[in-house]
Amino acid sequence: MQSSNTLSIDAMGGDNAPGIVVEGVAQFLESRTGMRVQLHGDEALLEPLVAGRPGLEARATIIHAAEKITSDMKPSQALRRGKGSSMWNAVQAVKDGTAGASVSAGNTGALMAISMLILRKMEGVHRPAMTAVWPTLRGRTVVLDVGANVEADAQQLVTFAIMGEAFARATLGLEKPSVGLLNIGSEEMKGHEEVREAHEWLRAAGLDMDYRGFVEGDDISTGAVDVVVTDGFTGNVALKTGEGVARMLASHMRTAFTESLMSKAGAVLAMSGLKRLKSLMDPSNVNGGVLLGLGGISVKSHGGADGRGFARACEMAADLAGSDFQGEIATNLAKIGTGGVAA
């Protein structure tokens, strides 16, 4: 039985570990009074960071790991040499049942490989999918897959839809999230064969799902649906494009509001609105990706996240650990055929 009120943290993963990780964990524990954490990493480095923080010191257990996964390590190297590292031990704690979920800001490829090896795939899942939470005009939208699989056939897209819906219910607090398939048009004849076949499957599968059909790229940012399903190649391109556009807009706005005395005065008058916009576009507020379809919960934080961003990833992990989203996935996978998705 997993301990859903304990998170297992790779304290050495990320661009500014372990300092930022400890800061983020401390912020997380301030808002989640019933939670505890395991901090996996170099004890000599972690003890001074934890000491003197009463809210953290009393609820954190430091578990020494002499090794760490470096940012340039290939997944194959991580699998061969990673045993006993802070990342490996953090994921292993979920497998052993001492933690309900793990969080790491370390090497993405290594984390995916280690998580798949240790936690294994859920029955009926051929390929796990990586999620991203996207800011929209209506709030937040879950997009998957965003990089775990370059291609996906119709059966896998259906599986992604099932997993994404359960994930959105657990993390966005939605009773019945709406789901759409990303396509180049909303018409029935648009798109490649895999997308059209997945569309027919989702309409006829008898799932208790609010499936809305095809959505287009611009529907992601408007929040037309709560879950957008696509293959990892398309999803990753869309994600990186969206991040690039956000940075471009932020840069143009800074220039526009600082180029003259009049524009600076306008910025002062618009300050409250600008702060709300900055908060909405701040990646720290939507930090955390999950490799769905595994036998346990492994959350990936952005490597460059600040303390607030890492705290958000921990909150996502805690929400998932306290939910039955994996049971919901298993139930719906059983409805689409014996053994779920074909290999």
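The values are calculated or read from the model by the stated rules, or taken from the named source; none is laboratory data. None of these values were measured; they are calculated from a predicted model. Quick reminder, even Gly has a Cβ in these numbers, built from the backbone with ideal geometry, and neighbours come from all protein chains shown. SASA here: full protein model, heavy atoms, side chains in, ligands and nucleic acids out. Shrake-Rupley method; radii C 1.70, N 1.55, O 1.52, S 1.80 Å.
Counting only DSSP beta bridges with both residues in the stretch 1-158, tell me the antiparallel percent, nearest 5.
That works out to approximately 25 percent antiparallel.
Suppose a student asked you for the relative contact order of the chain, using Cα pairs under 8 Å spaced at least 6 residues apart; what percent would you report?
Dividing the mean separation by the residue count of the chain yields 24 percent.
Per the Kirkwood treatment, what hydrodynamic radius in Å, one decimal, follows for the stretch 112-155 from the mean inverse distance over all distinct Cα pairs?
12.3
What does the highest-first list of 195-206, 309-320 look like by mean Cβ count within 10 Å?
With the highest mean Cβ count within 10 Å placed first, the list reads 309-320, 195-206.
Mind checking which lysines have their Cα closer than 18 Å to the Cα of residue 95? Skip sequence neighbours fewer than 8 apart in that chain.
Answer for residue 95, where 18 Å is the Cα cut-off: 83, 121, 300, listed by chain and number.
Give me the 1.4 Å probe accessible area per residue for the chain, excluding ligands and nucleic acids, in Å².
Ligands and nucleic acids excluded, the figure is 46 Å² per residue.
Return the sequence-ordered ³J(HN,Hα) values of the stretch 55-62 in whole Hz as given by the Karplus equation 6.51 cos²θ - 1.76 cosθ + 1.60 applied to θ = phi - 60°, using x for Gly and Pro.
x, 8, 4, 7, 10, 10, 10, 8
Wrap a convex hull around the Cα atoms of the stretch 125-261, take a quarter of its surface area, and give that in square nanometres.
With the hull built on Cα positions only, its mean projection is 9.2 nm².
Could you check what % of the DSSP bridge pairs in the chain are antiparallel, to the nearest 5?
Counting DSSP beta bridges with both partners in the chain, the antiparallel share is about 25 percent.
Could you work out [θ]222 nm for the chain from helices alone, using -39500 (n - 2.57) per DSSP H run of at least four and dividing by all its residues? Round to the nearest 500 deg cm²/dmol.
Using -39500 (n - 2.57) per qualifying helix, the result is -14500 deg cm²/dmol.
Which FRET efficiency, nearest 0.05, do residue 79 and residue 259 yield, Cβ-Cβ r, R0 51 Å?
With a Förster radius of 51 Å, E is 0.45.
Percent of accessible area on the chain owned by carbon and sulfur, 1.4 Å probe?
53
Apply 1/(1 + (r/R0)^6) to the Cβ-Cβ distance of residue 57 and residue 184, taking R0 = 56 Å, and write down the FRET efficiency to the nearest 0.05.
0.55
Treating only the Cα positions of the stretch 1-157 as identical point scatterers, give the base-10 log of I(q)/I(0) from the Debye formula at each q in 0.11, 0.13 Å⁻¹.
So the normalised log intensities are -0.48, -0.67.
Write down Rg/Rh for the chain, rounded to two decimals, with Rg from the C-alpha atoms and Rh from the Kirkwood relation over Cα pairs.
Radius of gyration over Kirkwood radius for the chain works out to 0.99.
Would you mind getting me the FRET efficiency between residue 176 and residue 250? Use the beta-carbon distance for r and R0 = 45 Å, nearest 0.05.
0.85
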